[in-house]
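**Student:** One structure follows; several queries about it will come next.
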């Protein structure tokens, strides 16, 4: 089969690889049809990975959808021919985190295209059946692949405890931020503001239902133009400390700051404000138990993934796709279809 | 009446002040008998206040106990002669925070000896009866006064969600830290570790039931000598960023960092760890609804306040008392008895 | 002023009453313009009250809106001429429940038209300003009055913990049930089913966005036609034990049953199912901190109150209005406009 | 090997059975040394089971401890010779409940001695290594076996949300109730009351630290002699509706009723009280993630299991043991040692 293999910094090769063997009893084999590119793929491509570097050549990509082409002997819920979305993290189900229901925090997790293990940019892969979800008829493979970043957003909104009456502010209008804004509205927020520096992205935020968009490229003061203490929860998808500092004063007493965006730097936070306003700062890592709900909302048209897609490439164009995905001002979500 | 009035930086005068008038219908008048000194008193004395500076001369002190000497006409639960502990923050009961039950976050709060308003270092004061709590017979005025810092600790342990099975680490063995350690044990923690740099304080922590004490004056590496991911919750009472950084790696996935200690500096936190471990960072500001429980535990001997008291002074010695309280290596809690 | 006074069972008289005096410093005086009739009004009218009986003649009605016509000297947020909705429960702000933020559970509550104290069916009343909320321009007095029952529904959905992904079932399509269904959708529920016996009400439920309506007048088996364990939360607005028993098997393991409907009888629940499925049964009493959010959703058109109104009467027709309100098959919400 | 096999109502035979084969890769083989008898064993013995009846002969018993005598090839955490306590429920780790962390609610659970599947009253059994926990040196096999009922109690106290300041009432002073009382104290409860009808059991409750015991065999009124609204949480271990009704008025507004005890009858609850007091009724089924903490508290002597044991028998005396366990006035916990 063909696969897009990362050999080192800015060195990706589309080449032949051996097919996977027969799926294990509880696995299915999938013919991958669509893979979305994500910030962590770019990180690997441009600088050798979020953590740990490249230990061995491996296939990038962890946002995937495709067709079931074979099933293991214990699998009853899926059959060859099923169109499916793939949850890319395979936990151990034995560690304390798994037993407590925090399987997204499993230290033994095999997560596609992380720690130099193969991701989804290959034609075929085997995966546990209970992490593979049927794609409703109305949804495309691309939409199926995007259930993964939508799941990160879904999980963020859950941790943000957005509910009826909540005023939410989303920092960053990339694929995650745009999905966070949609889920926050869907969860009943009375206000959803979105910040970014790119007009293209702010326009998308507005089209997808944000009550307000704020162009932070042209701020006049140190803070966002929001009343002090007017926001219940800020959800940061940027990882940029200045963005967070600008938003901090707007958080209400007993409010929340949810951190989804990543950065290697230390994040300097105002201890006085955290204590005086009794704030909660909540990290969010990936997601758990999100696929069925996300697929439902996509199918109902309550959440839109198509508008996030700005570019599509073939597997052979993987390098070109990665370079395009790095261009924040033109690209939002870049898909590889294979 | 006599009162200890702060006129400016390191300028405190014990002088005559007019008595308060008759208590309002829902107030009682209290003859103050004991006041504990706290870090915020020191801050005002040495550098002019935690925030805002000294706008007018005012009495310091907000940890108080005494005798009821008069009651307003609507007060039925208290009578002259009652020995009482005084909750020092008077909320407005009308703002959104009060209506939501977060009265400790009331922006209209009159908190003793803050914002240049009179505190408890005066012989008499009027206070709302529902913020004044009878002192059980076995408890001294000093213990009554210490219900206030014990309440900060109690609230911290609540926000830390310490319960059966919890492994807790307390940073700092001052009055708050030593009380946090006790309440954490009382709430069923299976491990309570305490850090400090002062042998006197570490000894106290041990005597009061800590499972382990860690002298951070002599660390050999960058982190505390604790297994990575072995602690459910770190409760910081120091406000010192290095202390928090040393403890960070010990926090478990899905664990908590509770911030009670204060500092004007920015607190640099590892964004990667907050996200990867999906941590919760929780600020805690003062307390609410704590007095009855704290008094119960003191009365039962399950929480000890007396061992925290290292020095006692008269009202006329207020300056001497403040200077002693600033001496971390000798003093833990300094009381003024009047 | 004119007022509709209940003298005894089925004995209501519209008569002249003295005007209220000047509002207290923190109160406003309101010229009442619309009052909705509720089940508890009917209970008083037909059988002498939910609990305690009629101890003295009093005005019925607790769902009210009107105009501010005078303000106390401390009131700054409202002015004569403001159109307002009135939160009908006045807590004491001093008891443990108030201090803990559960002001709806205040044992000293003055709730309009309960315990034989005057309600809103009178032309003028004085009320604390912080329980009186400006009506957005687009909303009618009738809609303002209905913020009260909508608040009961809002509170139920909160306690039901409806959020993204929730499957909810609402028992009863009266004013509360119809509002619960709307708020459940608004909070992101993926399924909202509604049961009733009246075609008129089921039709309304459908029009207002229920995914499914179930006519329980024609059930063929003992249970609702829903898959076992397919519902996260059942919200009962009927108080009818058979209705609850029919729905019980549909609740998921770890699911919830929220009880808002009232009845004097004992409610027989299956202990085996509560334990084996580890269910939570949650009572909900009135509401707290709901008015601003409910008004927002009404103003945005995300929640609809007008379709609930089937009849309108004048104050002089109060008796006729009450008799109509008792007719479940024709009436949903009956308003008195004055 | 020898095993105590239930063939039908009151028909238990101790006989030879084939040894289990080699343990699977992730299993260990255990030589059972102690088994505690529980109400569900009695239910099977006397009336053919809690639900479903006896479909095939099977070994009773699910409270077990013993020695590891062999380990599967993937097991690294345990070795032959280890003394261990056995968590008796084996979930599927694939269903929605398992994925959400509610593995105790797994519908595919193999729970020892339920649904006519073999329990622990046999000399040898194979079990997944991650459900087998090393017994600290100081603890006996009997104590190891009792980690199971202690876990039910631990889970109940967790669901009861007992914490600092809680006033708790435990209905029933059997093995579960006596352990609930201990854990409630350990979690910081300021009041733990225990009810029962048997002097032996009430005496034990007192010895184990209850603040108050209430003999309900000699009640003079319909309710317990407790002030109305004085209890935060009632934990019922009896399943007896009259016991629950007697305790109901004592529950505070916003309080909790936790149901652990079982009964096939319908439980009639006061709907008015549930709604007016906004109570939470919470079912608790078995437990999850409890063994390490329970073992810790036993090892530290903070929880006592030995005093619960009133009788010990050999495997050959299994029938006699069951008959003794049914005698509430003499027996509390009956052990079989083999």
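The values are calculated or read from the model by the stated rules, or taken from the named source; none is laboratory data. Nothing here was measured: the structure is a model prediction, and the numbers come from that model. Glycine gets a Cβ as well: all are built from the backbone with ideal geometry, and neighbour counts include every protein chain shown.
**Student:** Looking at C:330, C:289, can you tell me which residue is within 7 Å of another protein chain (Cβ to nearest Cβ) and outside any helix (DSSP H, G or I)?
**Tutor:** Numbers: C:330 fails: within 7 Å of another protein chain (Cβ to nearest Cβ).
Just one listed residue meets the conditions, C:289.
**Student:** For the range A:46-56, state whether one or more residues are crowded, with 21+ Cβ neighbours inside 10 Å and under 30 Å from residue B:278 (Cβ atoms). It would help to see each step written out before you state the result.
**Tutor:** Step one: of the range A:46-56, the residues crowded, with 21+ Cβ neighbours inside 10 Å are none.
Checked against the condition, which is being crowded, with 21+ Cβ neighbours inside 10 Å and under 30 Å from residue B:278 (Cβ atoms), the range A:46-56 yields no hits at all.
**Student:** Collect the residues in the range C:206-235 that are out of contact with any helix residue (DSSP H, G or I) (no Cβ under 8 Å at 6 or more places or on another chain) and touching a residue at least 40 places away in the same chain (Cβ under 8 Å), keeping them in residue-number order.
**Tutor:** Of everything in the range C:206-235, those that are out of contact with any helix residue (DSSP H, G or I) (no Cβ under 8 Å at 6 or more places or on another chain) and touching a residue at least 40 places away in the same chain (Cβ under 8 Å) turn out to be C:232, C:233.
**Student:** Just for the range B:292-315: of the residues that are part of a loop (DSSP other than H, G, I, E, B) and crowded, with 21+ Cβ neighbours inside 10 Å, which one is nearest to the chain's Cα centre (by Cα)?
**Tutor:** Looking at residues that are part of a loop (DSSP other than H, G, I, E, B) and crowded, with 21+ Cβ neighbours inside 10 Å, I get B:305.
**Student:** Can you work out which of the residues in the range C:118-145 that are within 12 Å of chain B (Cβ to nearest Cβ) and touching a strand residue (DSSP E or B) at 6+ places or on another chain (Cβ under 9 Å) is nearest to residue C:289 (Cα to Cα)?
**Tutor:** My answer is C:131.
**Student:** Kindly indicate whether residue C:143 is touching a helix residue (DSSP H, G or I) at 6+ places or on another chain (Cβ under 9 Å) and under 21 Å from residue C:41 (Cα atoms).
**Tutor:** Considered against the rule, which asks whether it is touching a helix residue (DSSP H, G or I) at 6+ places or on another chain (Cβ under 9 Å) and under 21 Å from residue C:41 (Cα atoms), residue C:143 comes out as yes.
**Student:** Run down D:82, D:102 and say which single residue is closer than 23 Å to residue D:294 by Cβ, touching a residue at least 24 places away in the same chain (Cβ under 8 Å), surrounded by fewer than 20 Cβ atoms within 10 Å (Cβ to Cβ) and more than 12 Å from chain A (Cβ to nearest Cβ).
**Tutor:** Only one candidate passes the filter, namely D:82.
**Student:** Pick out the one residue from A:226, A:219 that is at pLDDT below 95, more than 30 Å from residue A:41 (Cβ to Cβ), away from chain B (no Cβ under 14 Å) and more than 25 Å from the chain's Cα centre (by Cα).
**Tutor:** From the options A:226, A:219, the qualifying one is A:219.
**Student:** Please tell me if residue A:284 is within 14 Å of chain C (Cβ to nearest Cβ), at pLDDT 95 or above and surrounded by 17 or more Cβ atoms within 10 Å (Cβ to Cβ).
**Tutor:** Judged against the criteria, residue A:284 is not a match.
**Student:** Oh, and also: Checking residue A:198 against (1) away from chain C (no Cβ under 14 Å); (2) surrounded by fewer than 21 Cβ atoms within 10 Å (Cβ to Cβ); (3) over 23 Å from the mean Cα position of the chain (by Cα), which single condition isn't satisfied?
**Tutor:** The number of the failed condition is (3).
**Student:** Separate question: Is there a residue in the range B:33-47 that is in contact with a strand residue (DSSP E or B) (Cβ under 8 Å, 6 or more places away or on another chain), more than 18 Å from residue B:321 (Cβ to Cβ) and more than 14 Å from chain A (Cβ to nearest Cβ)?
**Tutor:** Within the range B:33-47, not a single residue is in contact with a strand residue (DSSP E or B) (Cβ under 8 Å, 6 or more places away or on another chain), more than 18 Å from residue B:321 (Cβ to Cβ) and more than 14 Å from chain A (Cβ to nearest Cβ).
**Student:** Test residue C:115 against the stated conditions and say whether it is within 14 Å of another protein chain (Cβ to nearest Cβ), over 24 Å from residue C:294 (Cα atoms) and under 20 Å from the mean Cα position of the chain (by Cα).
**Tutor:** Taking the combined requirement at face value, the residue satisfies it.
**Student:** Those residues that are assigned to a helix (DSSP H, G or I), within 7 Å of chain C (Cβ to nearest Cβ) and in contact with a helix residue (DSSP H, G or I) (Cβ under 9 Å, 6 or more places away or on another chain), I need them from the range D:236-273; list them, please.
**Tutor:** D:271
**Student:** Do you know which of the residues in the range D:162-190 that are within 14 Å of another protein chain (Cβ to nearest Cβ), farther than 16 Å from residue B:183 by Cα and more than 17 Å from the chain's Cα centre (by Cα) is surrounded by the fewest Cβ atoms within 10 Å (Cβ to Cβ)?
**Tutor:** D:167
**Student:** Looking at the range A:62-76, can you tell me whether even one residue there is within 14 Å of chain D (Cβ to nearest Cβ), outside any strand (DSSP E or B) and either in contact (Cβ under 8 Å) with a residue 60 or more places away in the chain or within 30 Å of residue A:191 (Cα to Cα) (or both)?
**Tutor:** No - not one qualifying residue is present in the range A:62-76.
**Student:** Tally time: how many residues in the range B:12-43 are in a strand (DSSP E or B) and at pLDDT below 95?
**Tutor:** Adding up the residues that qualify gives 0.
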